[in-house]
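Undergrad: Just dropping this structure here.
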Amino acid sequence: MTPENEPPQRCPIDPLAAVRGPADPACDVFLTGTVFLDIVFTGLDSAPVRGTESWARGMGSSPGGVANMATALARLGLRTSLAAAFGDDKYGEYCWETLERGEGIDLSRSRTPAGWHSPVTVSMAYEGERTMVSHGHEAPPPAAEPTAGSVPEARSAVASLAPDRPQEWIADAAGAGVLLFADTGWDESGRWELAALSDLAHCEAFLPNAAEALRYTRTDDPRAAAHALAERVPLAVVTMGADGAYGVDARTGESAHVPAIVVDALDTTGAGDVFMAGFVTGSLAGWPLADRLALAGLTASLSVREFGGSLSAPGWAEIEAWWRHAQALTPAGAAPEGHPLVERYAFLAGLLPAATAAGPRRRAVPTLGFRG
């Protein structure tokens with residue numbers, strides 16, 4: 001637990017410094033959703049077998065659910081506001097303290113429903129895959145999710161779209177000039193109809209994964225799916241796992257593909273949320289499409305090297321360390337700019353000289369709330 005007198009960690013870099021003005025809103029990104037407690041087991045040799053006991057070589061716990069993205073955004077220096085439901089228990093207390101005091105996330109619009117316990121997800125990682133088991137109940141009213149007119153003034157917001165479930169705050173936020181970045185989940189109905197995602201019409205960008213994009217567009221190639229989605233939304237990005245990401249800007253006609261960075265993955269929980277955080281950051285900073293995809297892919301790759309979803313998110317200090325390592329990979333006698341990684345991520349050079357370590361980052365730990 002963070003000591004009572006310890007301030008939240010502050011990001012050493014403001015990626016939006018060049019575009020900020022005195023009349024800008026205090027909030028860069030607004031999110032809403034439910035916070036889970038994530039418990040992750042890694043180092044399993046195989047899937048658990050019925051009637052047997054399996055031992056994992058690694059374990060971590062951290063805030064999950066919408067906390068994954070909120071933490072990733074805050075660690076990249078964006079002023080983040082979260083409206084979420086937290087459990088009225090020790091798990092919820094741990095998650096609240098970790099996000100508000102540990103990460104500096106604004107929770108003034110969040111709440112703790114009396115007598116409501118924290119949703120919990122247990123994730124088991126093995127053979128490059130993961131299996132998850134979750135338990136929880138819907139938070140009782142009044143809902144933590146915002147209503148029309150209750151969204152704070154913000155540069156942007158992230159929305160999770162669900163078929164045939166419009167959210168009135170999305171249209172309200174878009175009408176107020178808030179840029180909406182959207183993702184979606186698996187369509188349990190099996191219909192996969194874009195028309196069912198009615199709030200997509202209010203969004204600046206849509207970032208599904210390849211499996212979702214192919215089903216929604218009835219295409220057989222992620223790039224074709226991205227172009228089809230760009231007919232419905234200004235920015236379409238399809239994430240392709242180990243194959244990287246492909247994006248299309250419908251306004252300019254620009255398209256870009258950025259390969260994934262290969263790392264030894266420990267836990268992939270929350271990697272998609274971290275990707276979204278990187279893309280939002282580059283978008284608000286006004287970067288070219290390829291640079292936005294590159295930062296998003298880099299942050300997602302760095303996150304899977306640690307336990308957990310939220311606390312595995314990298315900050316600029318971790319990005320700087322990776323950048324120094326990439327530059328050191330240049331063959332002897334060759335110009336540094338000749339290495340593919342250095343060429344692709346050269347846009348980082350203007351940001352990273354100002355980076356200074358903000359102290360050791362919180363990481364997922366195998367027990368909750370070590371006693372100080």
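The values are calculated or read from the model by the stated rules, or taken from the named source; none is laboratory data. Treat the numbers as computed from the prediction; the structure is a model and nothing was measured. Please note: Cβ atoms are built from the backbone with ideal geometry, for glycine as well, and neighbour counts cover all protein chains shown.
Undergrad: Would you confirm, using the coordinates I've provided, whether Ala225 is more than 23 Å from Leu82 (Cβ to Cβ) and surrounded by 14 or more Cβ atoms within 10 Å (Cβ to Cβ)?
TA: Yes: the conditions hold for Ala225.
Undergrad: Right, something else. Of the residues Glu103, Glu53, Glu97, only one is touching a helix residue (DSSP H, G or I) at 6+ places or on another chain (Cβ under 7 Å) and either surrounded by fewer than 23 Cβ atoms within 10 Å (Cβ to Cβ) or of a type in the set (Asp, Glu) (or both); which? Spell out the reasoning first.
TA: Numbers: Glu53 fails: touching a helix residue (DSSP H, G or I) at 6+ places or on another chain (Cβ under 7 Å); Glu97 fails: touching a helix residue (DSSP H, G or I) at 6+ places or on another chain (Cβ under 7 Å).
Checking each option against the conditions leaves just Glu103.
Undergrad: Just give me the residues in the stretch 41-89 being under 15 Å from Val304 (Cα atoms) and not in a helix (DSSP H, G or I), in sequence order.
TA: Phe41, Thr42, Gly43, Gly58, Met59, Gly60, Ser61, Ser62, Gly64
Undergrad: Name, by its number, the condition in (1) outside any strand (DSSP E or B); (2) farther than 21 Å from Ala317 by Cα that does not hold for Asp38.
TA: Tallying (1) outside any strand (DSSP E or B); (2) farther than 21 Å from Ala317 by Cα, Asp38 fails exactly one: (1).
Undergrad: Take Tyr246 and decide whether it is closer than 25 Å to Gly270 by Cβ, touching a Pro at 6+ places or on another chain (Cβ under 9 Å), free of Cβ contacts under 8 Å to residues at least 60 places away in the same chain and in a strand (DSSP E or B).
TA: Against the criterion (closer than 25 Å to Gly270 by Cβ, touching a Pro at 6+ places or on another chain (Cβ under 9 Å), free of Cβ contacts under 8 Å to residues at least 60 places away in the same chain and in a strand (DSSP E or B)), Tyr246 qualifies.
Undergrad: Another question about this same structure. Would you please name the residue that is farthest from Ser61 (Cα to Cα), looking only at residues in the stretch 92-137 that are part of a strand (DSSP E or B) and over 21 Å from the mean Cα position of the chain (by Cα)? Steps first, answer last, please.
TA: Of all residues in the stretch 92-137, those part of a strand (DSSP E or B) come to 106, 111, 120-126, 129-135.
Next cut, over 21 Å from the mean Cα position of the chain (by Cα) only: 111, 126, 135.
Details: Arg111: 22, Tyr126: 17, His135: 15 Å.
Checking each candidate, the answer is Arg111.
Undergrad: Right, here's the next one. How many residues does the stretch 28-65 contain that are aromatic (Phe, Trp, Tyr) and under 30 Å from Leu16 (Cα atoms)?
TA: Selection size over the stretch 28-65: 2.
Undergrad: Right, something else. Taking the options Gly253, Gly241, Gly309, Gly270, name whichever one is without any contact (Cβ under 8 Å) to a residue 60 or more places away in the chain, under 20 Å from the mean Cα position of the chain (by Cα) and closer than 30 Å to Ala201 by Cβ.
TA: Among Gly253, Gly241, Gly309, Gly270, only Gly241 is without any contact (Cβ under 8 Å) to a residue 60 or more places away in the chain, under 20 Å from the mean Cα position of the chain (by Cα) and closer than 30 Å to Ala201 by Cβ.
Undergrad: Which of the following residues is modelled with pLDDT of 95 or more, more than 20 Å from the chain's Cα centre (by Cα) and not β-branched (Val, Ile, Thr): Ala159, Ala228?
TA: None of the others qualify; the one that does is Ala228.
Undergrad: Which of the residues that make up the stretch 104-123 are of a type outside the set (Val, Ile, Thr) and closer than 16 Å to Gly308 by Cβ?
TA: Listed by number, the residues that qualify are Ser118, Pro119, Ser123.
Undergrad: Okay, moving on. Filter the stretch 158-211 down to the residues that are among the aromatic types (Phe, Trp, Tyr) and not in a strand (DSSP E or B), then identify the one that is farthest from Ala277 (Cα to Cα).
TA: Taking the stretch 158-211 first, the residues among the aromatic types (Phe, Trp, Tyr) are 169, 181, 186, 192, 206.
Right, trim to not in a strand (DSSP E or B) and you get 169, 186, 192.
Values: Trp169: 21, Trp186: 20, Trp192: 25 Å.
Here the answer is Trp192.
Undergrad: For Val274, which of the numbered conditions (1) closer than 17 Å to Ala290 by Cβ; (2) among the β-branched types (Val, Ile, Thr); (3) not in a loop (DSSP other than H, G, I, E, B) fails to hold?
TA: Evaluating Val274 over (1) closer than 17 Å to Ala290 by Cβ; (2) among the β-branched types (Val, Ile, Thr); (3) not in a loop (DSSP other than H, G, I, E, B) leaves (1) as the failure.
Undergrad: Tell me, yes or no, whether the stretch 23-35 has at least one residue that is in contact with a strand residue (DSSP E or B) (Cβ under 9 Å, 6 or more places away or on another chain) and within 19 Å of Ser123 (Cα to Cα). Step through it out loud before you land on a result.
TA: So in the stretch 23-35, the residues in contact with a strand residue (DSSP E or B) (Cβ under 9 Å, 6 or more places away or on another chain) come out as 24-35.
Filter once more, so that each one left must be within 19 Å of Ser123 (Cα to Cα): 34-35.
Yes; the residues of the stretch 23-35 include at least one that is in contact with a strand residue (DSSP E or B) (Cβ under 9 Å, 6 or more places away or on another chain) and within 19 Å of Ser123 (Cα to Cα).
Undergrad: Among the numbered conditions (1) among the hydrophobic types (A, V, I, L, M, F, W, C); (2) over 26 Å from Thr71 (Cβ atoms); (3) at pLDDT 80 or above, tell me where Ala334 comes up short.
TA: (3)
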